1. Of Ala123, Pro723, Leu696, which is farthest along the charge dipole of the chain in the positive direction, counting Lys and Arg as +1 and Asp and Glu as -1 at C-beta?
2. Identify all aspartates and glutamates with a Cα-Cα distance to Lys455 below 20 Å; exclude those on the same chain that are fewer than 8 residues away in sequence.
3. Of Lys156/Lys261; Lys227/Lys365; Lys137/Lys262; Lys698/Lys722; Lys135/Lys557, which ones are farther than 30 Å apart at the Cα?
4. For segment 745-815, what does the equivalent ellipsoid look like in terms of its semi-axes, each the square root of 5 times an eigenvalue of the Cα gyration tensor, given largest first in whole Å?
5. Give me the angle, in degrees from 0 to 90, between the Cα long axis of helix 342-354 and the longest principal axis of the Cα atoms of the chain, rounded to the nearest 10.
6. To the nearest 20 debye, what charge dipole does the chain have about its Cα centre, counting +1 at the Cβ of each Lys and Arg and -1 at the Cβ of each Asp and Glu?
7. In segment 331-392, how does Rg compare with the Kirkwood Rh, expressed as the Rg/Rh ratio over alpha carbon atoms?
8. Going down the table (Lys389/Lys510; Lys398/Lys652; Lys511/Lys543; Lys389/Lys543; Lys491/Lys539; Lys614/Lys674), which pairs top 20 Å between alpha carbons?
Amino acid sequence: MSSLKSPNLKRRKTQPSKAGTKRAKLEIKDEVPSCSTASAPTKKVKVKNEEDTKIKKAKTKESVKTVCDPQWTEYELLAEQYSLQLNVAKNVIELFEEGNTIPFIARYRRNATNNMTAEELRATKETYEEILTLKNKMTTVIKNLEKSAALTEQLKRAVTCSRTIEELEYVYAPYKTGGKRTLAERAKELGLEEPALTVLNNTGKVNLYDFILENKDELKDVSAVEKGIVHIIASVMATDTEILSALRELRKNTNFAIKTKKAVTKSTKNAAENKESNEFKFENYLDFEISVKYIKPHQVLAINRGENLKVLSVKVVVPESLSHKFRTLCFNKWVNKGEKWPQRENIMKQAIEDAYSRLVEPLVKREVRSELKQKAERASCDVFSTNLKHLLLATPLKGKAILGIDPGYSNGCKLALISHVGTLVTSGVIYPHKHRNNNQNSEKDITMLKNMLLKYNCELIALGNGTACRQTEEWLTNLIESRVFSPLDIKYTVVREEGASIYSCSPEAKKEFPTLDPNIISAVSLARRVQEPLSELIKIEPKHLGIGMYQHDVKKKQLDEALDDVVSECVSFVGVDLNTASQCLLRHVAGLSEKKAQQIIDHRSKNGPFTSRKQLLDVFGIGEKVFLQCAGFLRVGPLTTEDATTFYKNPKSTKLDCTNVHPESYDTAINIIKKVGLKLGDVGETNFISVIKDKLLKVSDLSAEFGSNDHTVQLILDALTKPLNYDFRNDCPKEPVFKKGLTSIGDLASGSVLTGVVNNVTHFGCFVDIGVGTNGLIHVSKCNGLNLQIGHKVEVKVINVDIGKKRIGLQALKLLM
């Protein structure tokens, strides 16, 4: 075999792409860490043996950690992926890194986030965590490549330029230990890398006959040698950072489509029956095609589930324009370079086709599917979170005694009557369905129920929507129409039972009601869900509340974290009384944990009620950082109206502790109050509120005068125009709909106009309780432009009724609440 005469066989240095150049201009040099495999400098200090050991371990851990500097900054990638301004993305990351909670940022750091909502912050946080995951994985990849001595400058750049997990996996796949060797790797092992790079960069002419080895099948003839060279060149083209960056931009403007059809599989008889059953569920997708631009999240999740069950075959349709643009990029970068010779042109054309069909197109398809799945999962979490938020923030029905009924057949209907403050007053069990044919026993049930309601002057009933709900509703309706409960004007509402039985057997329920039957505890929970929804529903894991869409297709950790954030947001924004709140309520306040909540309660039990927010700092375990996060969401005031005068005589007490003003802004608030000629002791009074509203105060002038910012000053002014302990849930009343009668699904007809309550929202529409025992569906196309949410009262028209399948199609007419 003759030697090659190819003088310039060094790899061509990769030039930065336009996108990379643009990013470089945006970077702030003194804030981007260097890329190295070294430990950060550590100060030498004299410590005890134990502390010295910890420091040594930390040093060792740092010294072996490969520090990887991506070709982007975290805030730059966050700004790109979530369409944020660079300075806002940078501020948000800093706030997260400092340990600030979403409720705290959303209310008290709006100036740094350009007024981002809690929902936007949650989505941003999730995106940021994905970026950190990418960065950590990138570090691991670099480290592994270093260990295997496979890391080159070109490969390092390809890794650090990756902007998605899929792209990183694609670049790293050929170098994974224990993995199947790629075609390019096999060709390199045969000694074809040098001639392949010569052909690619056109630095000399290559005689393919020089590489023939008849004793090796892979090099037995010119065709085999050419094939190996093509595979190496194709690999270089498909992993080139400039090409990948261009493809990333092209993909954003390419109109892909998703095509599904019935999967063809060989199966047993039983498997065939299961498949037939599943095919019915996925009948809409057995022959389905849609543009990626228009596909809905619920369709993506349904398609993915059908594919996993082997019912559907899924294909991403890539338009020809993408392959054409890829060829053009490769031609411009490599083919049109240097002197032309026929053999090279043939090899390069083959390599481009191989790179696209075998490597690039599959990568693009994987990225499209991955992106769709990611967006769908996030959308599913958003739907669940939004539904949960509206459920928790339903308007409380305070100051009313309520009877909770947990319906049942043979086990009877469990009764629990709570007072206007939520304490259990009396309970019992009746058997209206068991005694239906026994007049004497039935009268006993009626008498027991009537006496209970009359004795405690209770006119409201919360009826669980579980087993025997419709029969109990019918029984109650007959009694109400017969005026059995006269002179009381009895009304009832149907309440979600989801999670009530789980709560009734929980340690928390046993702690409050140690000797009470769990069935009675369930009835108590139903009544409290009407009286104070937030305080009661937070006792139950959100996933047990029966809301949302495709929750089982979403990662459990992702969903749990999103829902925990929503609960914390709702509890924090409503506000919690520091002197009366339970541990369950306190632990959901931003910045607090179960342990810290218990420490607050222990301090309260030992030292008596708090007289100010600042006393939180006296609680063991509550430091300045925790105080900063939670203080603005905790209210401290007199326990009763009669105690108010005495309470505020204490110099440590202030009425600002019963507002949304954070203690860090008390000085600014006091200065504003003085400026308008009012007194701090009058905060929350009617005259005080009127004066603040009437004064034409300019926010920008006040922020400049008192060294604050516009968002903080606006928050202070808003708080000063509200009564003490203001509950914002009263702004958007969504009180439960109480009824005196019911309708059957058999009474419905197309064109009927009814009133209902939205009790679940999905991407394809919302489900409405219209009082017939079966929820009707308002398809998204029939929402009449209304933004319907859980708890909304809506007027609907019946479009169709299928009694056999218990399906009711509705059209929204107008929003009533």
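Bear in mind these aren't lab numbers, they're just calculated from the coordinates by the rules spelled out. Model, not experiment: these values are computed from the prediction. Every residue, glycine among them, receives a Cβ derived from its backbone with ideal geometry; neighbour counts consider all protein chains shown.
1. Ala123
2. Glu443, Asp445, Asp489
3. Pairs exceeding 30 Å: Lys156/Lys261; Lys137/Lys262.
4. Ellipsoid half-lengths, sorted descending, are 18, 12, 11 Å.
5. 20
6. With only Lys, Arg, Asp and Glu charged at Cβ, the dipole is about 1260 debye.
7. 1.47
8. Lys389/Lys510; Lys398/Lys652; Lys511/Lys543; Lys491/Lys539; Lys614/Lys674
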